[in-house]
Amino acid sequence: MEKTMKQIYETIVQGDLKGIEALVNTALDAGAEPSVLLNEYMITAMDEIGERFEKGEIYVPEMLLSAHTMQAGLKLLKPMLVDSGVEPSGKVVLATVKGDLHDIGKNLVGMMAEGAGYTVVDLGVNVAPDAIVAAIKEEKPDVVGLSALLTTTMVMMKSIVDAVSEAGLRDQVKIIIGGAPVDQDYADEIGADGFGRDAGQAVQVIRSFKA
Ligand code: B1M
């Protein structure tokens, strides 16, 4: 099974979309723990891709192929990450902020939140502050979750928090942020209610809002 999981890592790094499904199914059939496969092999493969990109060894098209391969693998893991059988415990609106197209981390947060019994409304990527405000009015969520992967787009999180305040809605929702360039200090600085280092922690923080 270790061999198959290493092959999954390599398949994502190589962006071999055709190969991923059979390998993930083989690993799951052999009893692989979905969270181990996800955290120790699939996400680390994306980190490797990021490092290669940074060194100039690969370019955006390769990065995109790896992302598609990762997403195809995640689709197969989703039922296992989501199937908790718990009753709906609240509503979460999720978005990747304006200017940013990275959505794999956000999608994971969505899957984990669904698994914890939340109804998830995913607004997608490149979402502007006024669209978040409109979604709060329409969906009346308990929590808004924002994701950003770029140092150039993390500032959009502050614009969103400010827009929600200006719309007079700030006391109606909790706002959690996440993504590689942000941390708890940044959440405090922009007036967000919480920060999640990874999808699992994000759900713990979302749960803690109720307490
Ligand atoms: Co981009 N990219 N990318 N990219 N990309 C990064 C982020 C980068 C770090 C790569 C690098 O240089 N090492 C770098 C950012 C540098 C910086 O700003 N500091 C970068 C760059 C520069 C760019 C472009 C500018 C490249 C260019 O065009 N020259 C461009 C920007 C496009 C745009 O957004 N406007 C770009 C484009 C792309 C692709 C489209 C090709 C593709 C994304 C496809 C997609 O998402 N559908 C892509 C990819 C794949 C990456 C890397 C390789 C992988 C990202 C990923 O999916 N990781 C990335 C390098 C890296 O991250 N190591 C990189 C796996 C995922 C599970 O992790 O999203 O971090 P992550 O989510 C984590 C946590 O952050 C957290 O939970 C998840 C784990 O459980 N989390 C949350 C995320 N959101 C959360 C929300 C929460 C809580 C936790 O609460 C709501």
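What follows is calculated from the coordinates using simple rules that are stated; it is not laboratory data. What you are looking at is a predicted structure, and each value in this text was computed from that prediction instead of being measured. All Cβ positions, glycine included, derive from the backbone under ideal geometry; neighbour counts span all protein chains shown.
Fully extended, how many nm does the chain gain between M1 and Q14 (0.36 nm per residue separation, minus their Cα-Cα distance)? Let's see the in-between values first.
Details: separation 13, 0.36 × 13 = 4.68 nm, distance 1.97 nm.
Gain on stretching M1 to Q14: 2.7 nm.
Remind me, relative contact order of region 14-119 in percent, using alpha carbon pairs under 8 angstrom and six or more residues apart? Before the final figure, lay out each step's value.
Numbers: 87 pairs, mean separation 33.0, N = 106.
Across region 14-119, relative contact order equals 31 percent.
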Original post:
Gain in length, Q201 to V121, computed as 0.36 nm per residue apart minus the alpha-carbon separation, to one decimal in nm?
Top reply: 26.9 nm
**OP:** Note down the nm distance, to one decimal, between modelled labels 7 Å out along Cα→Cβ at L101 and at E51.
**Re:** 2.6
Original post:
Distance in nm between label sites at E189 and D162, each 7 Å beyond Cα in the beta-carbon direction?
Top reply: 1.4
Original post:
Per-residue ellipticity at 222 nm for the chain, helices alone: DSSP H runs ≥ 4 residues times -39500 (n - 2.57), over residue total, nearest 500 deg cm²/dmol?
Top reply: -17000 deg cm²/dmol
**OP:** Round to the nearest 10 and give me the degree value, 0 to 90, for the angle of helix 104-115's Cα axis relative to the longest principal axis of the chain.
**Re:** 80
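Here is the link list: K75/K210; K75/K106; K3/K75. Which ones come out longer than 19 Å on Cα distance?
On the way: K75/K210 29 Å; K75/K106 14 Å; K3/K75 21 Å.
Long pairs (Cα-Cα over 19 Å): K75/K210; K3/K75.
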Original post:
What list of ³J(HN,Hα) values in whole Hz, one per residue of region 95-101 in order, does the Karplus curve 6.51 cos²θ - 1.76 cosθ + 1.60 (θ = phi - 60°) give from phi, with Gly and Pro shown as x?
Top reply: 7, 8, 6, 3, x, 10, 10
Original post:
So who's got an amide H within less than 5 Å of the one on I177, skipping anything under 5 residues away but keeping other chains? H placed 1.01 Å off N, in plane.
Top reply: L146, G194, F195, G196
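Name the shape class, rounded, prolate or oblate, that the alpha-carbon gyration tensor gives for region 2-83, where a ≥ b ≥ c are the square roots of its eigenvalues, rounded holds for a/c under 1.5, and otherwise prolate holds if a/b is larger than b/c and oblate otherwise.
Details: a/c = 1.98, a/b = 1.92, b/c = 1.04.
It comes out prolate by the Cα gyration axes.
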**OP:** Positive end of the charge dipole of the chain (Lys, Arg +1 and Asp, Glu -1 on Cβ, about the Cα centre): tell me which of A135, P181, A113 has its Cα farthest that way.
**Re:** A135
Subject >> From phi via Karplus (6.51, -1.76, 1.60), per-residue ³J(HN,Hα) for region 183-195 in Hz, x at Gly/Pro >> reply: 8, 4, 4, 5, 4, 5, 4, 8, x, 7, 8, x, 9
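To the nearest 20 Debye, how big is the dipole of the chain about its Cα centre, given +1 on the beta carbon of each Lys and Arg and -1 on that of each Asp and Glu?
Values: 18 positive and 32 negative charges, 74 e Å.
The dipole of the chain has a size of about 360 debye.
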Original post:
In whole Hz, what ³J(HN,Hα) sequence does region 44-60 give by Karplus (6.51, -1.76, 1.60; θ = phi - 60°), x for Gly and Pro?
Top reply: 5, 5, 5, 5, 4, 4, x, 5, 5, 5, 4, 7, x, 7, 9, 10, 3
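When only DSSP loop residues count, what GluC sites (Glu not before Pro) in region 45-138 have their Cβ near at most 11 other Cβ atoms within 10 Å? It would help to have the intermediate numbers written out before the result.
Details: sites: E48, E51, E54, E57, E62, E114, E138; in loops: E57.
Filter output for region 45-138: E57.
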Subject >> M63 paired with K75, simple spin-label distance in nm, labels 7 Å along Cα-to-beta-carbon >> reply: 2.3
Original post:
Could you give the semi-axes, largest first, of the ellipsoid that matches the chain, computed as the square roots of 5 times the alpha carbon gyration tensor eigenvalues and rounded to whole Å?
Top reply: 31, 20, 13
**OP:** Please say if region 91-208 is rounded, prolate or oblate, where rounded means a/c under 1.5 for a ≥ b ≥ c the square roots of the C-alpha gyration tensor eigenvalues, and otherwise the choice is prolate for a/b larger than b/c and oblate otherwise?
**Re:** rounded
Original post:
Helix 17-29 versus the longest principal axis of the chain: what is the Cα-based angle in degrees, 0 to 90, to the nearest 10?
Top reply: 90
